[in-house]
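Please read the structure below before turning to the comments.
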Amino acid sequence: QADIAMSQAKASGRNGLCFYDPQMNRVAQERGQLEQRLRLALERVTASGVDPEGVSGLNLWYQPQYDLTQDTGSHLPVHAPCSFEALIRWNDPQLGPVSPVVFIPVAEDSGLIVALGQWVLRQTCAQLRRWPGTKIAINVAAAQFDRPEFVDDVRTALQDFGLSGERLELELTERQVISDLDGMVRKMHELRALGVQISLDDFGVGQSALGHLLKLPVSVLKVDRMFVQSLHDVSGAPRVLQAIVALAHSLGIRVVAEGVETCEQLGTVRDLGCDLVQGYLTGRPMNPRDAAVLLARPAPTPSTTQAATLPTP
Ligand code: C2E
Ligand code: MG
Ligand code: MG
Ligand code: MG
């Protein structure tokens, strides 16, 4: 990949003017190449916005979310997940697997995020049809959410796949909230009117504005992995989480603990009142076939003796 970029840089250098910083040039070339390959991948997605054959190299993987309030009392969930987060995966025939951390910013800068986001939305709706009774959360980029057509796109997708809005959740980050609060609130209410749930992603890192919670029609708060992982290293962190949970609950907002990797963390977030857990401990992002196996497990049964049966971490 880097070699291709370098040889391209050399070739263009031979044609005359050449005043580039080779390092900068390589980065620019790689971004350009990523953009070009991503555009090609998106062109392979069918007109209906889905890609049943997987020819685009784009895939959605699904990470399970488990309900901690409806728990059988065993330490690790043994029942079916209540929902999933869809996470994009891209395996390009030329570039190999590329992380979303790398290509999402490129998609955002180039405007390809609109087509990419539309693909994620429709691919998720197609999956929801195959999995009755479950819910899926998707990540929505600022540039996608801010488009005037966004609510219509969601409404159309739900209609085309015959789904009720309650099965879809949209994850927005706090970063997005800052810009146009009133406009954002209005749009969120339009989405809520479709039954769609909205969650605030990556909460607890960056500029966490608790005040936003009072204004935004949010159903779910996703406490960031970095915050969860600080619970056992940073004194006071558990008390902060406890306060966040109390505030969220007082507003009727559920709390998801993200990035839970250890039994100790699971015990703590459960004790502090988090409603849902999502992390490598309870399940990594997986392909739809593996996710379907989890869905075939028995549904959770409400436990009235949850507190008594909880193992202490
Ligand atoms: P995110 O929305 O905060 O997603 C959670 C990320 O944390 C995922 O990384 C997931 O694989 C990872 N994760 C989950 N549990 C654990 C854990 O226990 N330990 C650790 N170390 N990591 C865990 P991933 O899939 O690489 O995605 C990274 C980011 O890329 C996402 O962060 C999201 O911001 C963005 N992204 C992914 N898919 C999409 C998409 O379809 N659209 C948009 N706009 N962004 C996406
Ligand atoms: Mg997310
Ligand atoms: Mg997150
Ligand atoms: Mg995150």
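With a Förster radius of 45 Å applied to the beta-carbon distance between Val55 and His232, the computed FRET efficiency rounds to 0.50.
Working with all protein chains in place, sort Glu43, Glu261 by solvent-accessible area computed with a 1.4 Å probe, largest first.
Glu43, Glu261
Ordering 133-144, 229-240, 97-108 by mean Cβ neighbour count within 10 Å, with the highest value first, yields 133-144, 97-108, 229-240. Hey, quick one: spin label on Leu181, modelled 7 Å out along Cα-Cβ, who in the stretch 197-231 has an amide N within reach, i.e. under 12 Å? In the stretch 197-231, the label zone of Leu181 (backbone N under 12 Å from the point 7 Å along Cα→Cβ) covers 209-216.
Report the Stokes-Einstein translational diffusion coefficient (µm² s⁻¹, integer) for the stretch 52-207, Rh taken as the Kirkwood radius over Cα pairs, at 20 °C with viscosity 1.002 mPa s.
Details: Rh = 16.8 Å.
So the translational diffusion coefficient is about 128 µm²/s.
As an equivalent ellipsoid, the stretch 107-160 spans semi-axes of 21, 12, 9 angstrom, where each value is the square root of five times an eigenvalue of the C-alpha gyration tensor, largest first. Treating each Cα of the stretch 114-272 as an identical point scatterer and summing with the Debye formula, the log10 of I(q)/I(0) at q = 0.15, 0.19 Å⁻¹ comes to -0.83, -1.19. Backbone geometry of the stretch 210-219 corresponds, through the Karplus equation with coefficients 6.51, -1.76 and 1.60 at θ = phi - 60°, to 3J(HN,Hα) couplings of 4, x, 4, 4, 6, 9, 8, x, 9, 9 Hz, x marking Gly and Pro.
Amide H contacts of Met286 (H built 1.01 Å from N, in plane; Pro and chain starts excluded): Tyr62, Gln63 sit under 5 Å, all sequence-distant by 5 or more or on other chains.
The values are calculated or read from the model by the stated rules, or taken from the named source; none is laboratory data. Small disclaimer: the values here were computed from a predicted structure and weren't measured. Ideal geometry is used to build each Cβ from the backbone, glycine not excepted, and the neighbour counts take in all protein chains shown. We work out accessible area using only protein heavy atoms, side chains counted, and drop any ligands, DNA or RNA first. Shrake-Rupley method; radii C 1.70, N 1.55, O 1.52, S 1.80 Å.
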